[in-house]
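The values are calculated or read from the model by the stated rules, or taken from the named source; none is laboratory data. Remember, it's a predicted structure, so these values are computed and weren't measured experimentally. A quick note on method: Cβ atoms are made from the backbone with ideal geometry, for glycine too, and the neighbour counts reach across all protein chains shown.
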């Protein structure tokens, strides 16, 4: 097994809620509440979850765009949480990020050349001054853009092309880890596939490790080696792509998977449906015990009292980590072959 | 609901579906006149919708699917929009040549619409119950308290918990999924024959999306509405639609029964869309893609609009616009090589 390149250790991020004239702290939004995992060298770790589950905050914590409330991030064994600004700057060369929205994450008044070349201003030793323009053009070529468009502005590109610009900027410093925060969610289907393929190609060519944050479970399965499922600031389940999708043991993962529409009308009515009631509770006031217990279809008394730990639990194969007292494998993607529609589990 | 149903049946006498046909859109054109030129958003679209049928209109951004919906609903801003040609027959009457005051009376009781973004579609300064009740007050001349009672009943129907207490709440006090339920309640309040849902679940999480789609399906079956579902999500379509219509650059490129279309698409664009999807239930290899980008609507390529991106493009595709023609039982495609795409 490859060694970990990036390690999250019990990461916690609380945002204070201030109210009143004196802006006194009235509570905490528990955006990320104790997340630990390893990212192995050369792999893609997918992070999925619904909006508000803390996946984007996690991404920002991993590259220290946010300072964690507690916990730490280790890069190649080195603790980033106590690094000086200088050391952090050096570390950020190795960890870069691609943002979701290609419309707001590129400065509209800078040319593509300036945007992709900006990392070289901050890290002047990366590429000698005279070679920068050539290097930017190489990068544009690498991500499938015309190198001659170096003097154009972001508005002259389509959404998919802008996301390629964001990726070119992300890989400009030859990072080892790329954090991708919903990199394809703003794109149309046909363009999304192009960008996903590009990311896979770059990973092979440059030996990158990805943390791929997205809400689209199909895209995440396609690109990831391992997948973590988040719910209200915590990991509900983490394992290899096969373990999480085909042998999931956490009721939340199972419900999530059963809710994703599959583009195949022949499985209509033959799918294992788990219907969740209600909405995700507020992260400012998460439920006691297991955070999922208010919506869970397997809930028992113990769940509201005792918080389940993320432990290796049997999944029918060997086992993988899941945070449920009543973890039990259920393959919700094995579509029924019979003509009888399955009764939904509520 | 009994009182409401009797009002509906007397009211609907003016519009009766012809052979079960509710909508008949014929050769519709829409263009937008802007400073930079004329954007041809819809270029000759024809389709029909029957009672109780779910028709999904799919396509990427800019393909004209939302504009089609807005033209049917009669809510395009004109100018800049202009409808230089076409007919939209609702139960045999052309909505486009109808006087505005008559047409206004069709919005709600006959044709109704749900929008993608419930937060910006609801009025933030009025309680949700008031907004639902307004439908009954304006269209049914109900008094305030009766209208509010109807609003509560509808909120219960769309499964909003504690409807009686929440009727006075404002849109921002609801979650995204609950707001979408309020919009659905408003849209079905006058028991429309046609419901248009424009990306109803795009802004929602998957677990909530599943709830909303099953609610929509249930309501459609209960009321035998014709449903036009506008979406780019081929997964949602596979779950709910009877028939699909695929749009590209303002034209229909394929219409078919949903099972036929997914099993064997007859247009290279439809095929490309289905092939470029990662699958939840399979770990795939490299995704197949459609090269290039959708065209700028001000400069649609000559011939078939899809030809610069098409793997099959030949000389004829760059010259002649392919017409939507029958290529199998109940299926149509606008491709010079549709038979080959379909069978090969």
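Flag not set for residue A:211, criterion: within 28 Å of residue A:313 (Cβ to Cβ), modelled with pLDDT under 85 and buried (at least 20 other Cβ atoms within 10 Å of the Cβ). Residues in segment A:139-165 that are surrounded by 20 or more Cβ atoms within 10 Å (Cβ to Cβ) and not in a helix (DSSP H, G or I): A:143, A:145.
One residue stands out in segment B:274-304 among those that are within 24 Å of the chain's Cα centre (by Cα) and either more than 21 Å from residue B:251 (Cα to Cα) or facing chain A (nearest Cβ under 9 Å) (or both): the one that is modelled with the lowest pLDDT, namely B:293.
Only one entry of A:186, A:168 meets the criterion of being surrounded by 24 or more Cβ atoms within 10 Å (Cβ to Cβ) and more than 14 Å from the chain's Cα centre (by Cα), and that entry is A:168.
Could you tell me which residue of segment A:214-229 is nearest to the other protein chains (Cβ to nearest Cβ), considering only residues that are surrounded by fewer than 24 Cβ atoms within 10 Å (Cβ to Cβ) and part of a strand (DSSP E or B)? So the residue we want is A:214. Just one of (1) more than 14 Å from every other protein chain (Cβ to nearest Cβ); (2) modelled with pLDDT of 90 or more; (3) surrounded by fewer than 20 Cβ atoms within 10 Å (Cβ to Cβ); (4) touching a strand residue (DSSP E or B) at 6+ places or on another chain (Cβ under 9 Å) fails for residue B:255. It is (3). Of all the residues in segment A:296-308, those that are in contact (Cβ under 8 Å) with a residue 40 or more places away in the chain and under 24 Å from the mean Cα position of the chain (by Cα) number 1. Checked against the criterion of being within 11 Å of another protein chain (Cβ to nearest Cβ), more than 18 Å from the chain's Cα centre (by Cα) and farther than 28 Å from residue A:184 by Cα, the candidates A:277, A:262, A:312 yield just one match: A:277. When residue B:89 is tested against (1) over 23 Å from residue B:294 (Cβ atoms); (2) out of contact with any strand residue (DSSP E or B) (no Cβ under 9 Å at 6 or more places or on another chain), just one condition goes unmet, and that condition is (2). In this structure, is residue B:192 away from chain A (no Cβ under 14 Å), out of contact with any helix residue (DSSP H, G or I) (no Cβ under 6 Å at 6 or more places or on another chain) and in a loop (DSSP other than H, G, I, E, B)? Yes, satisfied. Residues in segment B:157-189 that are free of Cβ contacts under 8 Å to residues at least 24 places away in the same chain and part of a helix (DSSP H, G or I): B:163, B:164, B:165, B:173, B:178.
For segment B:204-216, taking the residues that are in contact with a helix residue (DSSP H, G or I) (Cβ under 6 Å, 6 or more places away or on another chain) and either closer than 26 Å to residue B:133 by Cβ or assigned to a loop (DSSP other than H, G, I, E, B) (or both), the one that is farthest from the other protein chains (Cβ to nearest Cβ) is identified as B:212.
Exactly one residue among A:232, A:208 is more than 7 Å from chain B (Cβ to nearest Cβ), within 17 Å of residue A:98 (Cα to Cα) and under 16 Å from the mean Cα position of the chain (by Cα), and that residue is A:208. You will find that of B:215, B:273, the residue that is surrounded by fewer than 23 Cβ atoms within 10 Å (Cβ to Cβ) and either in contact (Cβ under 8 Å) with a residue 24 or more places away in the chain or touching a strand residue (DSSP E or B) at 6+ places or on another chain (Cβ under 8 Å) (or both) is B:215 and no other. For segment A:162-186, the set of residues classified as in contact (Cβ under 8 Å) with a residue 40 or more places away in the chain and within 14 Å of chain B (Cβ to nearest Cβ) consists of A:162, A:163, A:182, A:183, A:185, A:186, listed by residue number. Within segment B:306-335, restricting attention to residues that are under 27 Å from the mean Cα position of the chain (by Cα), in a loop (DSSP other than H, G, I, E, B) and more than 14 Å from chain A (Cβ to nearest Cβ), which residue is surrounded by the most Cβ atoms within 10 Å (Cβ to Cβ)? Only one residue fits best here, namely B:335. For segment B:217-239, the criterion of being within 13 Å of chain A (Cβ to nearest Cβ), in contact with a helix residue (DSSP H, G or I) (Cβ under 9 Å, 6 or more places away or on another chain) and in a strand (DSSP E or B) is met by at least one residue.
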